[in-house]
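A.B. asks: I have a structure here, written as structure tokens, and I will follow up with some questions on it.
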Amino acid sequence: MIPTHSIKYQQYQALLNLLPEHHHEYPQIMEQFRMIDVGETSEDNLEFFLGQANVSSLTFIKRLRVEQHIPFQIDWIVLAPGFRVLFEVKGHNGEIYFDAKANQLTRVREGTTESFTDPILQVDRQYANLRTFFIEQQIELLPTYRFAVFVNPKVILKLYDYPDYERVITGQSVPFILEKLAKKHPTNLTETNNQSLSQFLIEHHCERLSPILERYHILWEDLKKGIPCPQCQRRPMIRERMRWQCLACGTRSTDAHYPILYALALLMQNRLTTILVQHFLHLESLEATRKLIKRAGYIKFGVRKAVYYSHPDLLIITKSKSGHKTIESGHKVSKSGHKRT
Ligand SMILES: [Zn+2]
């Protein structure tokens, strides 16, 4: 399972929702979140160009991350029955110069100069790791092309004497490149084998839940408590007869606690404790809290005082091996709070 937004993105978003704006770390966290957001939006934007390629039986995987010896992430991987392509996506605007000797990329924008690592080196490194993984898993190797693709239409690429200039491209050229490669490479795998490989890679997708609160030295006491009203966003909603009630606008909800539980799971490395949830949701008893967490589909691990609850989707994405499963709830949930059917 690969989530629509990376776990890192979701963690920053959850933290910003719970951290008061006057907190001294808020601006740094917001700045970091904006950078992650720009990166992921740029990656998302490539989808349009990939979809324009007039080639049948192509499979695209976005933001695949594999942990095998060295963890590596690929912005986009294209699987075709006769070839493969890796894309490292950049969303920069302004004038971009490539310095072949220093293996650096320099951006000049509004009078300031910034430097970045060479994206061709990045994508070649990812390929080296992917290749090792394929060999270990006995997956057939096919001709694999690597490109750095700039998706911002406002970018001006200055390649001059950059030897790998053919591998530095804009989003618009992606469909033509894929069509050319499809003509050049006859089909080696069957379409079914290609689909199975795609499935295999998605099953191996693995992300980390980093201790984001520790990173910014944020205490639980710093965060906003209580459930915000889904209608007017005011806190806290009051628990009344198994429902949440907003005292400000009168909105009632049965599942307004789902997003908060998911946010807490993101911030606690997917280990919810009843005491913390009770405190956050202003619930009257530990027993009521326990029931609420279990009904929300979280999976129980551990015994007695070491009990904690995990969101099933986060267990899959992080390939968590921690803990011993003791009780499994009957419900499946999504982070938005709606039970899946
Ligand atoms: Zn309200």
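The values are calculated or read from the model by the stated rules, or taken from the named source; none is laboratory data. Please read these numbers as outputs of a predicted model, since none were measured by experiment. Here the Cβ is made from the backbone with ideal geometry for all residues, glycine too, and neighbour counts use every protein chain on show. Only protein heavy atoms, including side chains, enter the accessible area calculation; ligands, DNA and RNA are left aside. Shrake-Rupley method; radii C 1.70, N 1.55, O 1.52, S 1.80 Å.
A.B. asks: If you roll a 1.4 Å probe over the chain with all protein chains in place, what percent of the accessible area is carbon or sulfur?
C.D. replies: 51 percent
A.B. asks: Determine the per residue accessible area of region 7-203 with all protein chains present and a 1.4 angstrom probe, expressed in square angstrom.
C.D. replies: 51 Å²
A.B. asks: Counting only other residues whose beta carbon sits under 14 Å from that of N193, what net charge do I get with K and R as +1, D and E as -1?
C.D. replies: Spelling it out: positives minus negatives among the neighbours equals -1.
A.B. asks: Averaged per residue, what accessible surface does region 219-327 expose to a 1.4 Å probe, in Å²?
C.D. replies: Accessible area per residue, region 219-327: 53 Å².
A.B. asks: Once you keep just the Cα pairs under 8 angstrom separated by 6 or more residues, what percentage relative contact order results for region 7-203?
C.D. replies: Numbers: 293 pairs, mean separation 47.1, N = 197.
That works out to 24 percent.
A.B. asks: Take the Cα pairs of the chain, get the Kirkwood Rh, then feed it into Stokes-Einstein at 37 °C and 0.692 mPa s and tell me D in µm²/s.
C.D. replies: Diffusion coefficient, whole number: 144 µm²/s.
A.B. asks: What accessible surface, in Å², does a 1.4 Å probe find on C249, ignoring ligands, DNA and RNA and rounding to the nearest 10?
C.D. replies: 60 Å²
A.B. asks: Between G91, G82, G51, where does the largest GNM mean-square fluctuation fall for the chain, given springs only between Cα atoms within less than 10 Å?
C.D. replies: Its mean-square fluctuation being the largest, the pick is G51.
A.B. asks: Further question: Note down the magnitude of the dipole of region 5-141 about its Cα centre, charges +1 on Lys and Arg C-beta and -1 on Asp and Glu C-beta and zero elsewhere, to the nearest 20 debye.
C.D. replies: Working: 12 positive and 19 negative charges, 62 e Å.
Result for region 5-141 is approximately 300 debye, rounded to the nearest 20.
A.B. asks: When all protein chains stay in place, what accessible area (Å², nearest 10, 1.4 Å probe) is found for K294?
C.D. replies: For K294, solvent-accessible area is about 80 Å².
A.B. asks: Out of L266, L189, L64, any idea which swings most in a Gaussian network model of the chain, alpha carbons joined below 10 Å?
C.D. replies: Ranking L266, L189, L64 by mean-square fluctuation puts L189 first.
A.B. asks: Which residue, H257, H24, H279, tops the fluctuation ranking in a GNM of the chain built on C-alpha contacts under 10 Å?
C.D. replies: Residue with maximal mean-square fluctuation among H257, H24, H279: H24.
A.B. asks: Over what distance in Å are the Cα centres of region 53-131 and region 204-277 separated?
C.D. replies: 36 Å
A.B. asks: Which of rounded, prolate or oblate describes region 54-103 when judged by the alpha-carbon gyration tensor and an a/c cut-off of 1.5?
C.D. replies: It is oblate, given that a/c is not under 1.5 and a/b is not larger than b/c.
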